[in-house]
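**Student:** This structure is in structure tokens; I'll ask about it shortly.
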Amino acid sequence: MAIQIGAPPDAGFDNPVGMLRDCHRRILRFSSLLSRVAREARGSSLSKEHQAAVHAALEYFRTSAPIHSRDEEESLFPRLRGRVPRTVADTMAMLEQEHREAEELLNNINRLFRAWVAEFSLRDDEEKNLVLCTERLEAQYRRHIQIEEEQVFTTADAVLPTDTQSLIGREFAARRQA
């Protein structure tokens, strides 16, 4: 299982919606990786390769994913709210709630993987819970990202003026201290 942190980004701070799409590719890759490891390694201890893959994925979700959520919730969504139909605004509120749900799932997944590494195994009920949580996370992200990209990002590309997109890009850069 080769570990790839992510493909080079297609977009920079001058294209903040493109940056969010790039991040989505990484989120999907890492959520799929966690799910795959939970299924593949069930009933045994985690190999060094599995441990490294899990560590990379959990580190991504610990450090980069929260910045992505802030990018959406603090920069993009507020600038869209007054410019989009009520249905899109309601969708953004639902997506923000899903960010909280994903955080809860990730906390549980993190706890279980750390226990697996420390104890070299998990109880059967813990293994089942981990598989269930990772599969749920992966499915939730697939659905969440599809909605964001098809409804919110498409709308953002259409309605946000260039100067607003530039401001959003500067906020993204500041969040990353770039």
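**Student:** Return the only residue of Leu122, Leu130, Leu112 being outside any helix (DSSP H, G or I), in contact with a helix residue (DSSP H, G or I) (Cβ under 9 Å, 6 or more places away or on another chain) and within 16 Å of Leu46 (Cβ to Cβ).
**Tutor:** Selected residue: Leu122, the only one of Leu122, Leu130, Leu112 that is outside any helix (DSSP H, G or I), in contact with a helix residue (DSSP H, G or I) (Cβ under 9 Å, 6 or more places away or on another chain) and within 16 Å of Leu46 (Cβ to Cβ).
**Student:** Run Pro8 past the list (1) outside any helix (DSSP H, G or I); (2) modelled with pLDDT of 95 or more and report the number of the one that doesn't hold.
**Tutor:** The one condition Pro8 does not meet is (2).
**Student:** Sticking with this structure for a sec: Being touching a Leu at 6+ places or on another chain (Cβ under 6 Å), more than 30 Å from Ala158 (Cβ to Cβ) and not charged (D, E, K, R) narrows it down to one of Phe61, Phe113, Phe120, so name that one.
**Tutor:** Phe61
**Student:** If you scan segment 70-88, which residues turn out to be within 20 Å of Asp157 (Cβ to Cβ) and at pLDDT 95 or above? Outline the logic, then answer.
**Tutor:** Taking segment 70-88 as the starting set, the residues that turn out to be within 20 Å of Asp157 (Cβ to Cβ) are 71-88.
Listed by number, the residues that qualify are Asp71, Glu72, Glu73, Glu74, Ser75, Leu76, Phe77, Pro78, Arg79, Leu80.
**Student:** For Leu132, which of the numbered conditions (1) surrounded by 13 or more Cβ atoms within 10 Å (Cβ to Cβ); (2) closer than 20 Å to Asp90 by Cβ fails to hold?
**Tutor:** (2)
**Student:** Looking at segment 66-112, which of the residues that are among the polar types (S, T, N, Q) and within 25 Å of Gly169 (Cα to Cα) is surrounded by the fewest Cβ atoms within 10 Å (Cβ to Cβ)?
**Tutor:** For segment 66-112, the residue satisfying everything is Gln97.
**Student:** Any idea which of Arg100, Arg123 is within 30 Å of Leu80 (Cβ to Cβ) and basic (Lys, Arg)?
**Tutor:** Working: Arg123 fails: within 30 Å of Leu80 (Cβ to Cβ).
Selected residue: Arg100, the only one of Arg100, Arg123 that is within 30 Å of Leu80 (Cβ to Cβ) and basic (Lys, Arg).
**Student:** Let me ask something else about it. Just to be sure, is Glu103 of a type in the set (Asp, Glu), within 19 Å of Leu130 (Cα to Cα) and at pLDDT below 95?
**Tutor:** In short, no.
**Student:** Something else now. Answer yes or no: is there a residue in segment 35-50 that is crowded, with 18+ Cβ neighbours inside 10 Å and among the β-branched types (Val, Ile, Thr).
**Tutor:** yes
**Student:** Looking only at residues in segment 148-178 that are surrounded by fewer than 16 Cβ atoms within 10 Å (Cβ to Cβ) and of a type in the set (Val, Ile, Thr), which one is nearest to the chain's Cα centre (by Cα)?
**Tutor:** Restricting to residues being surrounded by fewer than 16 Cβ atoms within 10 Å (Cβ to Cβ) and of a type in the set (Val, Ile, Thr), the top hit is Thr154.
**Student:** Can I ask one more? Considering each of Arg100, Arg26, Arg70, Arg21 in turn, give the residue that is assigned to a helix (DSSP H, G or I) and free of Cβ contacts under 8 Å to residues at least 12 places away in the same chain.
**Tutor:** Arg100
**Student:** Any residue that is in a helix (DSSP H, G or I), touching a residue at least 40 places away in the same chain (Cβ under 8 Å) and under 22 Å from Ser166 (Cβ atoms) - is there at least one of those in segment 53-67?
**Tutor:** Yes; the residues of segment 53-67 include at least one that is in a helix (DSSP H, G or I), touching a residue at least 40 places away in the same chain (Cβ under 8 Å) and under 22 Å from Ser166 (Cβ atoms).
The values are calculated or read from the model by the stated rules, or taken from the named source; none is laboratory data. The structure presented is a predicted model; accordingly, all values stated were derived computationally and were not measured. A quick note on method: Cβ atoms are made from the backbone with ideal geometry, for glycine too, and the neighbour counts reach across all protein chains shown.
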